[in-house]
Amino acid sequence: QVQLVESGGGLVQAGGSLRLSCAASGSRLSINRMGWYRQAPGKQRELVAEITSGGSTNYVDSVKGRFTISRDNAKNTVYLQMNSLKHEDTAVYYCHAYSSPYNYWGQGTQVTVSS
C-alpha cells in the first residue's frame, strides 16, 4: 500500500510563491502517475497538475504559466512550484498517486492566499 506525505502548504500573500511536495512510500510497486488536486470552499475537487513517470505533464488552464509540476522518480516524490499566487488559488491541495490498479490520496494541505 502507498502512503503519501504532503508538505509545503501555508499562508502567502497574493503574488507570492509556495512549493508543495509529496513523497510516496510503503509500496514496492512502480508509481505510474502523480499529481495534485485542489478543492476550494463550495467547489468540487479539480485536477491542478499531473505528471507521468515519463515526464509528460498536464495542467488546468487557470494555473498554466504559473505552476510547475515535477517529480523525482527515484524518490517517488512529486513537487508543485506555485508562483504568482492569486486569491482564487486558495484551496485544500491533495496529492495523488496512481500505481496500477490503485489510486492513492494524501490527507490534503491548506493553501491560503491573501488578497
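The values are calculated or read from the model by the stated rules, or taken from the named source; none is laboratory data. This one's a predicted model, so the numbers in the text were calculated from it and none came from an experiment. Ideal geometry is used to build each Cβ from the backbone, glycine not excepted, and the neighbour counts take in all protein chains shown. Remember, those area values only see protein heavy atoms, side chains included, never the ligands or the DNA or RNA. Shrake-Rupley method; radii C 1.70, N 1.55, O 1.52, S 1.80 Å.
Structure above, values below:
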item: Looking only at segment 68-80, and only at residues there that are part of a strand (DSSP E or B), open to solvent by 10 Å² or more (accessible area, probe 1.4 Å) and in contact (Cβ under 8 Å) with a residue 40 or more places away in the chain, the one that is farthest from GLN13 (Cα to Cα); result: THR77
item: Conditions (1) in contact with a strand residue (DSSP E or B) (Cβ under 9 Å, 6 or more places away or on another chain); (2) farther than 16 Å from GLY106 by Cα; number of the one not met by ASN73; result: (1)
item: Count of residues meeting criterion [at pLDDT 95 or above and small (Gly, Ala, Ser)] in segment 1-27; result: 9
item: Those residues of segment 89-112 which are over 13 Å from ARG45 (Cα atoms), small (Gly, Ala, Ser) and at pLDDT 95 or above, in sequence order; result: GLY106
item: Pairs where the first residue, in segment 1-12, is in a strand (DSSP E or B) and the second is hydroxyl-bearing (Ser, Thr, Tyr), C-beta under 6 Å, 6+ apart; result: GLN3/SER25; LEU4/TYR104; GLU6/THR109; SER7/SER21; LEU11/THR112
item: Single match in LEU18, LEU11 (criterion: surrounded by 13 or more Cβ atoms within 10 Å (Cβ to Cβ) and either among the aliphatic types (A, V, I, L, M) or within 20 Å of VAL92 (Cβ to Cβ) (or both)); result: LEU18
item: Filtered residue count, segment 13-60, keeping only those that are part of a loop (DSSP other than H, G, I, E, B) and not polar (S, T, N, Q); result: 15
item: Residues of segment 81-115 that turn out to be open to solvent by less than 40 Å² (accessible area, probe 1.4 Å) and outside any strand (DSSP E or B), as a count; result: 5
